[in-house]
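Scroll down for the structure; my scribbles are underneath it.
The values are calculated or read from the model by the stated rules, or taken from the named source; none is laboratory data. The structure displayed is predicted, hence computed values, not measured ones. A quick note on method: Cβ atoms are made from the backbone with ideal geometry, for glycine too, and the neighbour counts reach across all protein chains shown. These area figures cover heavy atoms from the full protein model, side chains too; ligands, DNA and RNA do not enter into them. Shrake-Rupley method; radii C 1.70, N 1.55, O 1.52, S 1.80 Å.
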Amino acid sequence: MVTRQDCEVFVISISAEGIKPFLDSPDIAENIKVYPIIGSTNREAREQAVRNPVHGTVIIADCQTQGKGRFDRVFFSPPGSGLYMSFVLFSDIMGFANPTAITAYAAVRVCEAIDSVCDINMSIKWVNDIYLNRKKIGGILAEAITDSNSHGAVKIILGIGINVSTKTNDFPEEIRRGVSSLYPEGNPSISRNLLAAAIINRIILTDAPDEREVLSRYKERLFILGSDITVVQGNKAYEAKALDINEYGHLIVKMKDGQLRALLSGDVRLEL
Ligand code: BTN
């Protein structure tokens, strides 16, 4: 648990001014807000999307006291060593409203951004986890909102959390075995400003991306295909083999009895 006090003692080194020189289009900087401390950037982005919806709004925080992941899990968000950002995106501009497709799109773009900046090769664990060397480095949390003023148009709150230089021993003990960061020794050779810009440049588009191409690139990075996995849905868990993804990004698994099943959501685990 990150407390407000943990956040307050840290000198902020991520800023809109620091990100701006690396942006493909400097105009985007107008819609970037960086906070030293926040509860959750997704929550703040949601509030802004209702108050003053602007496609391409980016909320970034040095530290989150209530960072959230899927299934209401906590996303550990200490100061100075992670990238915590949320986008407000309009589904009619992005071209898709299906949360699985948005998540796949974001996961691919985040991996491509990290690969290019850090010169590594990131992988994805279905459906939203960003992995390196079979450890979770980050995650995506996509939420869709409609409000009475928007005539049914959907806005997407796309949250991205990356452990950049969090040291292994700084993670809470209960998650330490499965997580890591891009620079687990705590000495990053890249700045969070550069990484943030690389992600922003790839996420905010003015034209809809080709959904089929996104899914094909997503599939190339899915390291669980062909592996035995445990599927967790609610309070049920069962063994299966991960085979493929379909055109909606759903995971095709083979059950122990030979039946095939397409998973729309849920969580998968595999032995580390
Ligand atoms: C997951 O691992 O299940 C998704 C994690 C998403 C975390 C990011 S950090 C920025 C944004 N704000 C949040 O509260 N969550 C997302």
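Looking only at residues in the range 40-66 that are open to solvent by less than 30 Å² (accessible area, probe 1.4 Å) and among the aliphatic types (A, V, I, L, M), which one is farthest from the ligand (Cβ to nearest atom)?
Across the range 40-66, the extreme among qualifying residues is A49.
Please state which one of V214, V164 is in contact (Cβ under 8 Å) with a residue 60 or more places away in the chain and within 16 Å of the ligand (Cβ to nearest atom). Even if it seems obvious, please write down each step before you answer.
On the way: V214 fails: within 16 Å of the ligand (Cβ to nearest atom).
Only one candidate passes the filter, namely V164.
Within the range 67-76, is there a residue that is modelled with pLDDT under 95, of a type in the set (A, V, I, L, M, F, W, C) and within 16 Å of the ligand (Cβ to nearest atom)?
Looking through the range 67-76, at least one residue is modelled with pLDDT under 95, of a type in the set (A, V, I, L, M, F, W, C) and within 16 Å of the ligand (Cβ to nearest atom).
So for the range 83-94 (the condition being open to solvent by less than 10 Å² (accessible area, probe 1.4 Å), touching a residue at least 24 places away in the same chain (Cβ under 8 Å) and more than 15 Å from the ligand (Cβ to nearest atom)), does at least one residue qualify?
yes
Among (1) within 14 Å of the ligand (Cβ to nearest atom); (2) open to solvent by less than 70 Å² (accessible area, probe 1.4 Å); (3) in contact (Cβ under 8 Å) with a residue 60 or more places away in the chain, where does G18 come up short?
Condition not satisfied by G18: (1).
Residues that are over 18 Å from the mean Cα position of the chain (by Cα) and on the phi > 0 side of the Ramachandran plot: does the range 203-214 have at least one?
Within the range 203-214, none of the residues are over 18 Å from the mean Cα position of the chain (by Cα) and on the phi > 0 side of the Ramachandran plot.
Quick grid of which residues meet (1) more than 20 Å from F22 (Cβ to Cβ); (2) open to solvent by less than 10 Å² (accessible area, probe 1.4 Å); (3) modelled with pLDDT of 95 or more; (4) in contact with an Asp or Glu (Cβ under 7 Å, 6 or more places away or on another chain):
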position: A101; (1), (2), (3), (4): yes, yes, no, yes
position: A104; (1), (2), (3), (4): yes, yes, no, no
position: A107; (1), (2), (3), (4): yes, yes, yes, no
position: S116; (1), (2), (3), (4): no, no, yes, no
position: S123; (1), (2), (3), (4): yes, no, yes, no
position: L132; (1), (2), (3), (4): yes, no, yes, no
position: I137; (1), (2), (3), (4): yes, yes, yes, no
position: A144; (1), (2), (3), (4): yes, no, no, no
